[in-house]
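Coordinate-derived values only; no laboratory data. The structure displayed is predicted, hence computed values, not measured ones. In this analysis, Cβ positions are derived from the backbone assuming ideal geometry, glycine residues included, and neighbour counts consider all displayed protein chains.
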Amino acid sequence: MKILVVDDHEPMRRIIKTILRQAGFSDSEEAVDGKDAIAKLKEKKFDVVLLDQNMPGLTGIEVLKIIKQDPELKNIPVIMVTAETSKEKVMEAIQLGVSDYIVKPFTAEILKKKIESVVNKK
């Protein structure tokens with residue numbers, strides 16, 4: 001399973017990739033921001049996107065909108081990985097078609113369950 005980790009903070013990307021490996025997912029790539037994520041999604045096939053909500057430039061919500069409006073990308077499950085817990089932001093992401101939410105900090109077990117859940121829904 002190929003996973004794209006999108007987060008503007010390099011230490012957080014490294015932590016998420018470590019947690020992914022602990023959860024048994026060794027095939028992952030990083031995107032440093034929303035523009036990088038969209039470029040990578042258009043050039044390679046990914047099974048799941050782990051998307052930070054709060055990023056400069058294209059926010060996670062804006063990236064989610066682009067993914068869900070693109071016929072080639074819209075069926076890729078997107079899990080929002082965020083410290084953001086405001087009801088408005090969560091509802092907006094749900095309305096746009098986010099597959100699930102993970103609130104930072106999280107464990108390898110939670111991440112594995114969420115990934116398996118969204119992939120099995122496909």
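Figure the gain on full extension for H9 and A39 (residue separation times 0.36 nm, minus the Cα-Cα span) and round it to one decimal in nm.
So the chain would gain 9.0 nm between H9 and A39.
Determine the relative contact order of the chain: mean sequence separation of Cα pairs under 8 Å and six or more apart, normalised by residue count, in whole percent.
The normalised contact order for the chain reaches 26 percent.
What's the FRET efficiency of K121 with T85 using the Cβ-Cβ distance as r and R₀ = 35 Å, to the nearest 0.05?
E(calc), rounded to 0.05, equals 0.90.
Using Cα centres only, tell me the gap between segment 86-118 and segment 1-60 in whole Å.
14
Rank V78, V103, V48 by mean-square fluctuation in a GNM of the chain with C-alpha springs under 10 angstrom and give only the top-ranked residue.
Largest GNM mean-square fluctuation: V103.
If you average 1/r over all unlike Cα pairs in the chain and invert the result, what Kirkwood radius do you get in angstrom?
14.0
Going by how many other beta carbons lie within 10 Å of each one, how would you line up D33, D27, fewest first?
Lowest count first: D27, D33.
Sequence neighbours fewer than 8 away in the same chain don't count; with that in mind, list the lysines whose C-alpha is under 18 Å from K74.
Filter leaves K2, K35, K40, K42, K44, K45, K65, K121, K122.
Under 12 Å from the 7 Å Cα→Cβ point of K65, by amide nitrogen: which residues of segment 91-121?
Counting backbone N atoms under 12 Å from the label point, the list is 93, 96.
Which residue fluctuates the most in the chain, going by a Gaussian network model with Cα springs under 10 Å, if the choices are M80, M12, M91?
In the Gaussian network model the winner is M91.
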